[in-house]
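Read the structure below first, then the notes.
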Amino acid sequence: MTARSGRWIQEWDPEDETFWNRGGEKIARRNLLFSVLSEHIGFSVWTMWSVLVLFMGPEYGLTPADKFLLTSVVTLVGAVVRVPYTFAVAVFGGRNWTVISAGLLLVPTVAAFAVMEPGTSFSTFLLVGLLAGIGGGNFASSMTNINAFFPLRKKGWALGLNAGGGNIGVPVIQLAALAIIGASGGPRVLLGIYIPLIVVAAVLAARYMDNLASVRNDTGAAKDAAREAHTWIMSFLYIGTFGSFIGYSFAFGQVLQSQFDRTPLEAAYVTFIGPLLGSLIRPVGGSLADRYGGARITLWNFVAMGAATMVLIVASVRESLALFTVAFVVLFVLTGLGNGSTYKMIPGIFQAKALARGLVGEEAAAYGRRLSGASMGLIGAVGALGGVGINLAFRQSFLSYGSGTGAFVVFLACYAVCFAVTWAVYLRRPAARPTDTDAAPQEKPQLSYADV
């Protein structure tokens, strides 16, 4: 079925149902499992500063604005490194890069373990926070790799599960922090737990994952993806979904502490709930997109996100902690649904463009995989920048008004724009523009993006 040299698979055709049923699915699922594990640890390392700042009391000498700036820097680096991480899969191979990227997580974890104590300068914390950003890159390389393993009909489920399993690293590290804070432990205990877990993830990836020879370094794919308007449109929509998820994951505990005077333990009791539910529901968003179309699910999800944000504004103005907490958790759930549906749209959009060009069969599938894989890194990177914007918006809102209300008003406006863009580009008309001017009339329905 597959020619194998070392850990390289030379022949891979998941769109062929015979190939898929005879063993392709088993291989793909095995790679998905260990990809999820590595990405999960990566997310935990990336977002560990959302937890560490809860440990940093008055003795550390940091203001709320300092902490929001710190988490903004961590989010920024995690967004930027997603671009090279995407193309590293083609250069090194998916399995090989998973091993390397997992091992690199030791650098920020050990560094944080070394400096995490009162008296450390703010500039040192910023520098170590920069290192933690590399954990955000694992998502991009993992998604690009898994995208190549699964057929189009399974991508929504597979990408949703892969991303959801990674996203759940956020609430897991927050739950671990809750247990440690409750037991009167310090931040070094938390970091000490993750150091051996990183080693385990790297070893298991080396032992059980595979490289696909068909995924070759293709700088032309990157250039073509960057020229595609859909790459940047989807990047903007992903800012609204994933940017919200990661930004709120970093900020939730700080908002509870700064606006509602919660103690670190009281904040930790609830901060994990939103990211946990948002992570668990991401595969559901992908599955719903497989069934009903990603554009439709994404459109109505932005409506719901706007409604939840309006409730948050009311709760913030009235200083109602119970209403605020419930609305924030609901908003987290919606970001997870939107994450799944928007990422399912990406391969569907480029597959539709392939059909519009008159391509069929494996040729169309290869075109879709090439551009969707290349675009995922750009989309993931730009989307994660939304997390930077959210933390900076909260920082400015607290500096100006002493609460997060002003930031929520800005977020509400952003969700309204995301709704309008989704409707105008993917649902208002059958297609933006036919690529093939000689396409026959019967081919035009293939240009509809409503079902992507």
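The values are calculated or read from the model by the stated rules, or taken from the named source; none is laboratory data. Everything numeric here is computed off the predicted structure, so don't read it as measured data. Cβ sites come from the backbone with ideal geometry, for glycine too, and all protein chains shown count toward neighbours. These area figures cover heavy atoms from the full protein model, side chains too; ligands, DNA and RNA do not enter into them. Shrake-Rupley method; radii C 1.70, N 1.55, O 1.52, S 1.80 Å.
List of remarks:
- Under the condition of being among the aliphatic types (A, V, I, L, M) and surrounded by fewer than 18 Cβ atoms within 10 Å (Cβ to Cβ), the residues counted in region 84-95 number 1.
- Residues being open to solvent by 30 Å² or more (accessible area, probe 1.4 Å) and over 24 Å from Ile100 (Cα atoms) - total across region 166-175: 1
- Of the helices (runs of 4 or more DSSP H) lying entirely inside region 259-320, those containing at least 1 residues that are among the polar types (S, T, N, Q) and under 29 Å from Ala179 (Cβ atoms) span 264-271, 273-280.
The rows are residues; the columns are (1) open to solvent by 60 Å² or more (accessible area, probe 1.4 Å); (2) assigned to a helix (DSSP H, G or I); (3) farther than 30 Å from Ala179 by Cβ.
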| site | (1), (2), (3) |
| --- | --- |
| Asp13 | no, no, yes |
| Thr18 | yes, yes, yes |
| Gly24 | no, yes, yes |
| Ile27 | no, yes, yes |
| Arg30 | yes, yes, yes |
| Ser38 | no, yes, no |
| Ile41 | no, yes, no |
| Ser44 | no, yes, no |
| Val51 | no, yes, no |
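- Pairs linking a residue in region 189-203 that is under 11 Å from Ala176 (Cβ atoms) to a residue that is of a type in the set (Ser, Thr, Tyr) and assigned to a helix (DSSP H, G or I), with Cβ atoms under 6 Å and 6 or more positions apart or on different chains, are Leu191/Thr109; Tyr194/Thr109.
- Filter pass, Glu266 being out of contact with any Gly (no Cβ under 6 Å at 6 or more places or on another chain), in contact (Cβ under 8 Å) with a residue 24 or more places away in the chain and among the acidic types (Asp, Glu): no
- The condition of being in a helix (DSSP H, G or I), open to solvent by 30 Å² or more (accessible area, probe 1.4 Å) and at pLDDT 90 or above holds for Leu76.
- Search result, residues across region 111-122 that are open to solvent by 70 Å² or more (accessible area, probe 1.4 Å) and either of a type in the set (A, V, I, L, M, F, W, C) or assigned to a helix (DSSP H, G or I) (or both): Phe113
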